[in-house]
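Notes follow the structure.
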Amino acid sequence: MTSRYVLRKLLHALVTIAAIVALNFVLFRLMPGSPERQARNPNLRPEVIQANRVRWGLDKPIPEQLVLYVKSTLTGDLGYSIKYRGQPVTDVVLDAAGPTVLLIGLGELVAIIVGLWLGARSGWNRGGAIDHVGNGLSLVLYSMPYFVIGMPLIIIFASGLGWFPTSGMTTPGGDKTFVETLFDMGRHLVLPLTAISLGLIGAYSILMRSSVIDTRAEDYITTARAKGLADGRILRAHAFPNALLPMVTLIAINLGYVVAGAITAEVVFAWPGLGTLTVQALDARDYPLLQAIFLLVAVSVVFFNFAADIVYGYLDPRVRA
């Protein structure tokens, strides 16, 4: 892989991030409402509103606000939260990032394993029973948002059978040992993890099925069959590795959308992650917090796309050309 290819992709990523920073500043100032009217109290005195504007820097001209915002972003200072009474935005976001990374990370892992296996089997046995069942199930899951998947899980397994908690990450109160805490967190994690995994399995399975079907027509598959190799070995050793190339991009993009896809699932299950934090920040018109979350999500998408370009270029020399 040439350094010119890497530098070109890196330049594209940096230009995209610069555009994101500018959009991040403008976007939330176009929203209705104003953060200086905290708690949406119509009886706030004008001097209180003005004091809030000065406190959050909203009294300055827009160009000056933009310059200050870019400078503070480059130095890692993302400001202070309005909703959380002046706490550093970085601390608030980091506190919520852990639960989201745990939920999305495990969900991605489960979805990748199950989705790739289901898609490979469906594509290799195109037209068979496995294909009809697997592809049909994948299409249904792919078309369902996380909250649609999550609500029946709560109704059946939480409210109905009482097997799992309906919300939260842990049960409040009580002195628990480390093992008891892990077990309690695991019980709270099962339903949101299932919703996230099922929502992702459909996309991975559909793309993998299509990729395997295309791979089956390649000459090296015909050669392997002519040698008398078993179908299972051909799938594992020849078709599957080559069919993985398109999956690199999809997996990287999904990793980038660490918050966007989790917002609805976290709200349904009251999971204390970045998705729930985004809804709270939107409701409070917390500009600094919203900007930090948006920047984190957008930069994550750009970073994982850049990583996908590098990995794809390494796996397939034709891309570099």
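The values are calculated or read from the model by the stated rules, or taken from the named source; none is laboratory data. Predicted, not measured: the structure shown is a model, and the values here were computed from it. Cβ: placed from backbone, ideal geometry, glycine included. Neighbour counts: every protein chain shown. Side chains are part of the model used for accessible areas, which takes the heavy atoms of the whole protein and leaves out ligands, DNA and RNA. Shrake-Rupley method; radii C 1.70, N 1.55, O 1.52, S 1.80 Å.
If you only keep lysine pairs separated by 8 or more in sequence, or across chains, how many in the chain come under 27 Å at the Cα atoms?
4
How large is the accessible surface per residue of the range 89-181, computed with a 1.4 Å probe and reported in Å² as a whole number?
Heavy-atom SASA per residue in the range 89-181 reads 56 Å².
Name the most mobile residue of 16, 215, 181, meaning the one with the largest mean-square fluctuation, in a Gaussian network model of the chain with Cα contacts below 10 Å.
Largest GNM mean-square fluctuation: 181.
When only Cα pairs under 8 Å and 6 or more residues apart are kept, what is the percent relative contact order across the chain?
Worked out over the chain, it gives 28 percent.
Answer with a single label: of (i) 72, 43, 32; (ii) 102, 54, 34; (iii) 84, 58, 37, which was calculated as Cα extents along the principal axes in Å from the structure in view?
Matching entry in (i) 72, 43, 32; (ii) 102, 54, 34; (iii) 84, 58, 37: (iii).
Using +1 on the beta carbon of Lys and Arg, -1 on that of Asp and Glu, and nothing else charged, what's the dipole of the chain about the Cα centre, debye to 20?
It works out to roughly 620 debye.
Within the chain, which is the longest segment containing none of the trypsin sites (Lys or Arg not before Pro) that sit in a DSSP loop and have at most 16 other Cβ atoms within 10 Å?
Longest site-free region, per DSSP loop and neighbour criteria: 228-321.
Using only helices, what value at 222 nm comes out for the chain when you add -39,500 (n - 2.57) per DSSP H run of length 4 or more and divide by the total residues, to the nearest 500 deg cm²/dmol?
Helices in the chain give a 222 nm mean residue ellipticity of -22500 deg cm²/dmol.
Tally up the carbon and sulfur contribution to the accessible surface of the chain as a whole percent, 1.4 Å probe, everything protein left in place.
C and S fraction of accessible area: 66 percent.
What number comes out for accessible area per residue over the range 197-266 if the probe is 1.4 Å? Units Å², please.
Value for the range 197-266: 44 Å² per residue.
Could you tell me which residue out of 12, 87, 22 lies farthest along the dipole of the chain toward its positive end? Charges go on the beta carbon: Lys and Arg +1, Asp and Glu -1, centred on the Cα centre.
Of the listed residues, the answer is 12.
Put +1 on the Cβ of each Lys and Arg and -1 on the Cβ of each Asp and Glu in the range 201-264; which of 262, 229, 213 then has its Cα farthest toward the positive end of the dipole?
Toward the positive end, the furthest listed residue is 229.
Kindly write out, for the range 159-167 in residue order, the coupling ³J(HN,Hα) from the Karplus curve 6.51 cos²θ - 1.76 cosθ + 1.60 (θ = phi - 60°), rounded to whole Hz, with x marking Gly and Pro.
6, x, 7, x, 6, 10, x, 8, 7
Tell me, what is the percent relative contact order of the range 86-244, built from C-alpha pairs under 8 Å that lie six or more residues apart?
Over the range 86-244, the number comes to 35 percent.
Non-local amide H neighbours of residue 80 (under 5 Å, H modeled in plane, Pro and chain starts lacking H): which ones?
Under 5 Å from the amide H of residue 80 lie the amide H atoms of 89, each far enough along the sequence or on another chain.
Pairs of alpha-carbon atoms within less than 8 angstrom and 6+ residues apart define the contacts here; what relative contact order does the range 163-321 have, in percent?
Reported relative contact order: 24 percent.
In square angstrom, rounded to the nearest 10, how much accessible surface does residue 132 have for a 1.4 Å probe?
130
Just 115, 107, 173 to compare: in a GNM of the chain, with alpha carbon springs under 10 Å, which one fluctuates most?
Looking only at 115, 107, 173, the biggest GNM fluctuation is shown by 173.
Compare 204, 146, 80 in a GNM of the chain, Cα atoms joined below 10 Å, and give the one with the largest fluctuation.
Of 204, 146, 80, the Gaussian network model singles out 80 as fluctuating most.
Can you list the HN-Hα couplings for the range 2-11, worked out from phi with the Karplus curve (6.51, -1.76, 1.60; θ = phi - 60°), rounded to whole Hz and with x for Gly and Pro?
7, 5, 5, 5, 5, 5, 4, 5, 5, 4
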